[in-house]
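**Q** For reference, the structure I am asking about is given below.
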Amino acid sequence: MLFRKKAEMPRPEDVLPGRDSKMPVGGRHAVLDAPLLPPFPEAYELALFGMGCFWGAERKFWEASGVFTTAVGYAAGGTPNPSYEEVCSGQTGHNEVVRVVFDPSRTSYEQMLKVFWENHDPTQGMRQGNDAGTQYRSGIYVSSDAQRTLAEASRDAFQKGLSDAGYATITTEILDAPKFYYAEDYHQQYLAKNPRGYCGLGGTGVSCPVAPGVR
């Protein structure tokens, strides 16, 4: 019963009320030595992904070429400024997400999508490996029509590779980018601060194609 409750999105009337105060986050990125909070350089672009436990997801992106900064947080739910414990209860509807700020002169949104698809299993619904619940669902949260077009095209291309490898249908939600709430400071760059910390992230071994000529 508890697992089933956590694996179903809560009804709007059951969502926890949250709070008006924002999560206190400050300082600089523990790996990239870049700001965690905006404003960011004007020419840079944002990407927002959910792909299981955000500790491992964030590490995959801070290791990627052309990424300026990353931060973990909560999105796509109904509770304002939620805590980690509230998100884990299954009663906020939020997903654990990583926000990526990247330099489009050095990389591309297509490359960010490649990192996303290849480093988790997007066919598992409300779970990722042993991590089960709505906060572990696969999600792409787009900030423009161009991002949506690229996200949907990459999903369709990756589905072909997954199907050929015997995997099921992709369950990734592709939505307009919702409000991003920062997670607690101790979650930011968690695996850099705790190198032996838990990471349940794992890919399928299927490669995601990137359009020819894309960096």
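**Q** Among the residues of the stretch 59-72, are any of a type in the set (S, T, Y), surrounded by fewer than 24 Cβ atoms within 10 Å (Cβ to Cβ) and closer than 24 Å to Q159 by Cβ?
**A** No; the residues of the stretch 59-72 include none that is of a type in the set (S, T, Y), surrounded by fewer than 24 Cβ atoms within 10 Å (Cβ to Cβ) and closer than 24 Å to Q159 by Cβ.
**Q** Further, regarding this structure: Which of the residues that make up the stretch 62-119 are free of Cβ contacts under 8 Å to residues at least 12 places away in the same chain and closer than 13 Å to M23 by Cβ?
**A** In the first step, residues of the stretch 62-119 are kept if they are free of Cβ contacts under 8 Å to residues at least 12 places away in the same chain; the result is 63, 85.
Listed by number, the list holds a single entry, E85.
**Q** Collect the residues in the stretch 73-104 that are of a type in the set (S, T, Y) and either touching a Ser or Thr at 6+ places or on another chain (Cβ under 8 Å) or buried (at least 21 other Cβ atoms within 10 Å of the Cβ) (or both), keeping them in residue-number order. Write out each step before concluding.
**A** Here is the first cut: in the stretch 73-104, the residues of a type in the set (S, T, Y) are 74, 79, 83-84, 89, 92.
Listed by number, the residues that qualify are Y74, T79, T92.
**Q** Suppose we filter the stretch 155-188 for residues that are of a type in the set (A, V, I, L, M) and exposed (fewer than 14 other Cβ atoms within 10 Å of the Cβ); how many remain? Before you say what the answer is, go through the steps one by one.
**A** Initial filter on the stretch 155-188 (of a type in the set (A, V, I, L, M)): 157, 162, 165, 168, 170, 174-175, 177, 183.
From what is left, the residues that are exposed (fewer than 14 other Cβ atoms within 10 Å of the Cβ) are 165, 168.
Here the count works out to 2.
**Q** So, A64, is that one assigned to a loop (DSSP other than H, G, I, E, B), within 18 Å of the chain's Cα centre (by Cα) and either at pLDDT 95 or above or closer than 24 Å to G200 by Cβ (or both) or not? Write out each step before concluding.
**A** Numbers: assigned to a loop (DSSP other than H, G, I, E, B): yes; within 18 Å of the chain's Cα centre (by Cα): yes; either at pLDDT 95 or above or closer than 24 Å to G200 by Cβ (or both): yes.
In short, yes.
**Q** Moving on to the next point. Which condition does N130 not pass, out of (1) over 16 Å from the mean Cα position of the chain (by Cα); (2) closer than 20 Å to T92 by Cβ; (3) of a type outside the set (A, V, I, L, M, F, W, C), if it passes all the others?
**A** Every listed condition holds for N130 apart from (2).
**Q** What is the residue count in the stretch 34-61 for residues that are acidic (D, E), touching a residue at least 40 places away in the same chain (Cβ under 8 Å) and in a loop (DSSP other than H, G, I, E, B)?
**A** 0
**Q** Still on this structure: With the checklist (1) more than 27 Å from G78 (Cα to Cα); (2) at pLDDT below 95; (3) of a type in the set (A, V, I, L, M) in hand, flag the one item A157 doesn't pass.
**A** Status for A157: all satisfied but (2).
**Q** Would you confirm, using the coordinates I've provided, whether G18 is assigned to a strand (DSSP E or B) and either in contact with a strand residue (DSSP E or B) (Cβ under 6 Å, 6 or more places away or on another chain) or at positive phi (or both)? Steps first, please.
**A** Numbers: assigned to a strand (DSSP E or B): no; either in contact with a strand residue (DSSP E or B) (Cβ under 6 Å, 6 or more places away or on another chain) or at positive phi (or both): yes.
Answer is no for this residue.
**Q** Would you confirm whether any residue within the stretch 136-147 is buried (at least 16 other Cβ atoms within 10 Å of the Cβ), more than 22 Å from C53 (Cα to Cα) and either within 16 Å of the chain's Cα centre (by Cα) or at pLDDT below 95 (or both)? Give the derivation first.
**A** Of the stretch 136-147, the ones buried (at least 16 other Cβ atoms within 10 Å of the Cβ) are 136-142, 147.
If we keep only those that are more than 22 Å from C53 (Cα to Cα) too, we end up with 147.
Among the residues that remain, those that are also either within 16 Å of the chain's Cα centre (by Cα) or at pLDDT below 95 (or both) are: 147.
For the stretch 136-147, residues buried (at least 16 other Cβ atoms within 10 Å of the Cβ), more than 22 Å from C53 (Cα to Cα) and either within 16 Å of the chain's Cα centre (by Cα) or at pLDDT below 95 (or both): present.
**Q** Looking at L46 and the list (1) surrounded by fewer than 22 Cβ atoms within 10 Å (Cβ to Cβ); (2) in contact with an Asp or Glu (Cβ under 6 Å, 6 or more places away or on another chain), which single condition is not satisfied?
**A** Against the list (1) surrounded by fewer than 22 Cβ atoms within 10 Å (Cβ to Cβ); (2) in contact with an Asp or Glu (Cβ under 6 Å, 6 or more places away or on another chain), L46 comes up short only on (2).
**Q** I would also like to ask the following. State all residues of the stretch 159-215 that are under 25 Å from V31 (Cα atoms) and among the aliphatic types (A, V, I, L, M); if no residue qualifies, say none.
**A** The answer is A183, L191, A192, L201.
The values are calculated or read from the model by the stated rules, or taken from the named source; none is laboratory data. Quick caveat, the model's predicted, so the values are computed rather than measured. So basically every Cβ, Gly included, is an ideal-geometry build from the backbone, and we count neighbours across all protein chains shown.
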